[in-house]
Each structure stands twice: as C-alpha cells, then as structure tokens.
1. Tell me, please, whether a residue that is on the phi < 0 side of the Ramachandran plot and either at pLDDT below 95 or among the small types (G, A, S) (or both) can be found in the range 342-352.
2. Anything in the range 29-77 that is in a loop (DSSP other than H, G, I, E, B), farther than 20 Å from S131 by Cβ and under 18 Å from the mean Cα position of the chain (by Cα)? List them, or say none.
3. Taking into account only those residues within the range 214-239 that are surrounded by fewer than 24 Cβ atoms within 10 Å (Cβ to Cβ) and in contact with a Ser or Thr (Cβ under 8 Å, 6 or more places away or on another chain), which is farthest from A273 (Cα to Cα)?
4. Among the strands (runs of 3 or more DSSP E) confined wholly to the range 138-180, which include 3 or more residues that are modelled with pLDDT under 95?
5. Condition (residue is of a type outside the set (K, R) and in contact (Cβ under 8 Å) with a residue 40 or more places away in the chain) applied to the range 256-263: is it met by at least one residue?
6. Going by the conditions given, is V85 in contact with a helix residue (DSSP H, G or I) (Cβ under 9 Å, 6 or more places away or on another chain) and at negative phi?
7. Are any of the residues in the range 220-230 of a type in the set (K, R) and in contact (Cβ under 8 Å) with a residue 24 or more places away in the chain?
8. Would you be able to say whether some residue in the range 68-81 is surrounded by fewer than 16 Cβ atoms within 10 Å (Cβ to Cβ), under 30 Å from G283 (Cα atoms) and in contact with a helix residue (DSSP H, G or I) (Cβ under 9 Å, 6 or more places away or on another chain)?
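The values are calculated or read from the model by the stated rules, or taken from the named source; none is laboratory data. Keep in mind the model is a prediction, meaning the values are calculated, not measured. Cβ atoms come from the backbone with ideal geometry, glycine included; neighbour counts cover every protein chain shown.
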Amino acid sequence: MSLAYAEPITAEGNRKMTTIRAAVLRQFDQPFVIEDVELAAPAAGEVAVRIAGTGVCHTDLLGRDPGFGGQILPAILGHEGAGVVEAVGPGVTTVKPGDHVLLTFESCGHCASCYTGAPAYCALFEPLNLSGRRADGSGIAASSSGPVSHRWFGQSSFAEMAIATERNLVVVDPSLPIELLGPLGCGIQTGAGAVLNEMHLAPGQSIVVFGAGAVGLSAIMAAKLSGASEIVAVDLHASRRELALQLGATRAVDGADPEILATLKDAASGTSAGFDFSLDTTGVPPVIANAVAALKRPGTAVLVGASFAPFALPPPLLAGRYITYVLEGSSMPQVFIPSLIDFWKRGLFPFDKLIRTYDLADINQAEADTLSGRTVKPVLLPAKPSN
C-alpha cells in the first residue's frame, strides 16, 4: 500500500508502518466505521502510544460539522486518549517505551502563550489540533482507499494506537487504571480548570453551572473542592441533576423550568441576589443569556460550550458583569492533571463516577448514548493496557 505522503524516516533510516484498528469517520452524517489503517512510525519528537482507553467528548461530535476546524474526511477523531508508550521518535527525552501516559491537546511550545504557561491559547492551536496533519503539513495515516486525516487534537485516539508529541503527554503512575484516565485530558480538565484556574473560586462564593454533562459535573466537583457555599446545577435530565447533587451541588434545577431565572434567584443568597460565577457548557444562546442574567454585579460568566452559534445580549445586562471563553480549562496539563489525579486518589474528585466503558467497536452506540443523556462520559476500550 502506498503511503508516500506520510512516510517519516525512522532513526534507523527505514520506512516503518503499523496496521491498527481504528474508528474512521468517512462522511459527516454517517456512522463511524471500524477498519484497518496503516500508521507511520513516530518521527522526530513524536511518540507512539498504544491506547488503553479514550473518552468520547462533545468536541469529537463537532468533528461531524464540516465547518468546524476545516478537517478533511475521512478522519480518525478522539482526543481523550490514555495508554502505554510503545515507541519514540528521534530526540524524545521525556518519555520512554513502557511509560503510562494520558494524552491532551497539542501546543507549539514556542509562542508567547506557551512560554508564559498558557498553552491552551497557543498561537498555533488550530492548525496543530484541527488540521488532521503534522505541524509541517504531512500526514501519517492511510487505509486501503487512501489517506486518512489524523492528529485530531494531537492524537486521534479512536484507535488502537495514536501518534502524539512530547508536549501533549502527561506521564502517570503505572499502578493507576490507565484505561480510565483519558477524559482528564480534555473534558474533565476543561470543567475543573474553568473553576480552579480561571475563576479561582474562593470559599464562600457561589456558582451556577448550566449543563451537567462531564464538563459541568467536573466543574461542580471542583467547586466543592474550592469550598463554594452555593453550587447550583442546571440540566434537562433528572438523572444528571441527581448525580450533580451526589457530587457536590447544593441544589439542582430543571433546565426546562419556564421561570428558571426566578428559581435561580431564589437559590442565590445575599443582599444582591445572584451568583459570583456562572459556567455555560452548552453553547446554546438562550442558556448563555441566562448564565449572564443569573450573575451578581460584579460577576463573571465563563463559557466553554463548543459552539459557533451567534448570540446577542442587551448592553445593560452586561453592566458590572463579565464574560470570557475558556479553552481546556486554561490549564498547563503536565501540572494540572496530576493535581486532579491526586485529588481523585484522596477521594475528593471522583471523576470515575461519570464513566461508562464501551468496546471501540461500539463507538456508534457510545455516541448515541451520550447524545441521549444516558451516558455522561463514554470511554472506549480499544485494547487492554500492557506493562
């Protein structure tokens, strides 16, 4: 099989490829297809990771939108992978074969944002994470019918193996259940980081979270860690509202409540009714408007929902209120993710309660279950972890 556009030269000077099983999206409106794909060996600075588990994130579902990121189908998506390092390319010094790692977003490491500890706002974030190619524009994967876009968020982990870089790997203790850790690389770090890194939520403050999916529930767990006095969850699904209460919410509100702002006002305390912070995970314009209107003055609304839907707010609504959009929880993954794992080990951040596992072959069922609300965080199991 020809793979001329994607054949890096290995340290030994040989062209090497590996056949893997992957879930390939060939058409935007069709199911994923499990098929064999040839994957090039890691080039300089790259790492091949045998995937043990990978989360299904809402951003992966946006990969079905032809206008999102400009990716070219067919493509392998997936960006919450975790597994075991199988091989490293020339120049790699921070990991070695056998290391257990989780994968997160990619960044260049050379721009002002990366140098100042804000890789989520890397100047090259879009081409590195959404183009389906290496930074130099080359590809690394192909099937019997031709090239397959790869490197979705620096990994494309809906597969048995992914090619990442040193910068988007986090080494973890090999005694941990590696197959469950992948969601920490995006959705969970996004929700928790929005609270801990961006809001800097303090003891006694209040927050309302719109959307109790994996991101919103991670924010609720982080808010409990922060000592917030009021943590209100808003969601359409009764099961998710119940889970929010188990994980730290002080109150849960039905998102379909026709008088939701009045209900939230009753839930807020203090002489200036409203919340110090709100978090919108939905990207739905009317919900964003409610997230702003529910704030105190001053107050801050943090948006993380992956959506390009336009919205407009009357200027008086913004008086004393602030809005910001946060990527990846404003996180430095190699610092922040180990702290979340430490909280989890101490029983303070039980993210595993969000997870339901599926075989990679059942990816379409996992997608349907997350869209219906049946599953909060699907994790696909392409292969068993190895030592």
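1. No; the residues of the range 342-352 include none that is on the phi < 0 side of the Ramachandran plot and either at pLDDT below 95 or among the small types (G, A, S) (or both).
2. V56, the sole residue that qualifies.
3. This residue is S229.
4. It comes to 141-143.
5. No, the conditions are met nowhere in the range 256-263.
6. Considered against the rule, which asks whether it is in contact with a helix residue (DSSP H, G or I) (Cβ under 9 Å, 6 or more places away or on another chain) and at negative phi, V85 comes out as no.
7. yes
8. yes
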